[in-house]
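For reference, the structure is listed below as structure tokens.
The values are calculated or read from the model by the stated rules, or taken from the named source; none is laboratory data. Predicted model, so just to flag it, every value in this text is computed and none were measured. A quick note on method: Cβ atoms are made from the backbone with ideal geometry, for glycine too, and the neighbour counts reach across all protein chains shown.
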Amino acid sequence: MARVEPITVDVQPARDADLARLPDEFFTDRFRRQRNGAGVLFVAWLRDEPVGDVYLWLEEAEEPPLRRNLPGVPLLTHLEVFPGYRNLGIGTRIIGVAERYLNDLGHQRAALAVRDDNHRAERLYRRLGYVDWGHGLLVCLADVACPGGRRGVAPETCHVLVREFDQNRPRLERTFSSSTRSG
Ligand SMILES: CC(C)(COP(=O)(O)OP(=O)(O)OC[C@H]1O[C@@H](n2cnc3c(N)ncnc32)[C@H](O)[C@@H]1OP(=O)(O)O)[C@@H](O)C(=O)NCCC(=O)NCCS
């Protein structure tokens, strides 16, 4: 398939004014966690349209094997690019911004869990430098949509992948000081 120029999206931590533009209560919950300092909800904007997100889980992991084997390692969770905007480099960009944010905070690596049948996403992560954590499959508590638009959690069997950051990558002074998006 011919490659097209990646489209430029602005990836920023969510703000109060963004909430009304985000699709469901998942975002309300993660925004509340962000306010409490438990994580960061990044949203990708194409002009004024939200087109994707990732939530950086900075609390202790919910799953005991993660707590045991990756203590203190931030998790990239709920990465998604909304249908209609996939395959344009937006997911890669969201991951890059999240990693840079973590690097700026002083973290040396990040981890994520990908469902064991989500081969396309796993291929993307591996291409970006994520490798298996070496402790087998993990049953994760995934956020899922339920009938009626509500959210719930369901167990999912996942591969856990970890990426060590390049220690020579320069830290930025204030990565998110210059949002170009209005509002
Ligand atoms: C997984 C997901 C987040 C990836 O986001 P994305 O924006 O589609 O990802 P990218 O475009 O950055 O890269 C994905 C593919 O597009 C290709 N690509 C990237 N930039 C491109 C460009 N400018 N032109 C053409 N192709 C491009 C990549 O090489 C990759 O190809 P591959 O599928 O052959 O490996 C998205 O597909 C998604 O939301 N899926 C549903 C939810 C999900 O599975 N989330 C992961 C949970 S762990």
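Given the condition more than 19 Å from PHE27 (Cβ to Cβ) and touching a strand residue (DSSP E or B) at 6+ places or on another chain (Cβ under 8 Å), answer yes or no: does some residue in the range 50-61 qualify? Looking for residues that are more than 19 Å from PHE27 (Cβ to Cβ) and touching a strand residue (DSSP E or B) at 6+ places or on another chain (Cβ under 8 Å), one finds at least one in the range 50-61, hence yes. If I go through the range 94-133 residue by residue, how many of them are more than 7 Å from the ligand (Cβ to nearest atom), basic (Lys, Arg) and either assigned to a loop (DSSP other than H, G, I, E, B) or farther than 20 Å from GLU62 by Cα (or both)? The qualifying residues number 2. Of all residues in the range 122-138, those satisfying the criterion of being surrounded by fewer than 15 Cβ atoms within 10 Å (Cβ to Cβ) and either small (Gly, Ala, Ser) or under 15 Å from LEU75 (Cβ atoms) (or both) are GLY129, GLY134, HIS135, GLY136. Would it be correct to say that GLU99 is acidic (Asp, Glu), modelled with pLDDT of 95 or more and within 14 Å of the chain's Cα centre (by Cα)? The answer is yes for GLU99. The residues of the range 93-115 that are touching a Pro at 6+ places or on another chain (Cβ under 9 Å) and small (Gly, Ala, Ser), listed by number, are ALA98, ALA110, ALA111. For the range 11-40, the set of residues classified as more than 15 Å from the ligand (Cβ to nearest atom), more than 18 Å from GLU60 (Cβ to Cβ) and assigned to a strand (DSSP E or B) consists of GLN12, PRO13, listed by residue number.
Scan the range 134-169 residue by residue and report those that are β-branched (Val, Ile, Thr), modelled with pLDDT of 95 or more and more than 12 Å from the ligand (Cβ to nearest atom). Residues satisfying the conditions are VAL139, THR157, VAL162.
Identify, please: which residue in the range 33-48 is at pLDDT 95 or above and out of contact with any helix residue (DSSP H, G or I) (no Cβ under 7 Å at 6 or more places or on another chain) and is, among those, farthest from LEU141 (Cα to Cα)? Break it down into steps so the answer makes sense when it comes.
So the first thing to find is which residues in the range 33-48 are at pLDDT 95 or above, and the list is 33-46.
Okay, now just the ones that are also out of contact with any helix residue (DSSP H, G or I) (no Cβ under 7 Å at 6 or more places or on another chain), so 33-38, 45-46.
Numbers: ARG33: 17, GLN34: 19, ARG35: 22, ASN36: 21, GLY37: 21, ALA38: 17, TRP45: 27, LEU46: 30 Å.
Applying the filter and picking the extreme gives LEU46.
If you go through the range 76-120 and keep only what is farther than 17 Å from VAL11 by Cβ, of a type in the set (Gly, Ala, Ser) and surrounded by fewer than 16 Cβ atoms within 10 Å (Cβ to Cβ), you end up with GLY84, GLY106. Here LEU46 meets the list (1) crowded, with 19+ Cβ neighbours inside 10 Å; (2) within 14 Å of the ligand (Cβ to nearest atom); (3) hydrophobic (A, V, I, L, M, F, W, C) almost entirely, failing just condition (1).
Being surrounded by fewer than 18 Cβ atoms within 10 Å (Cβ to Cβ) and small (Gly, Ala, Ser) is the requirement here; does ALA38 meet it?
Answer is yes for this residue.
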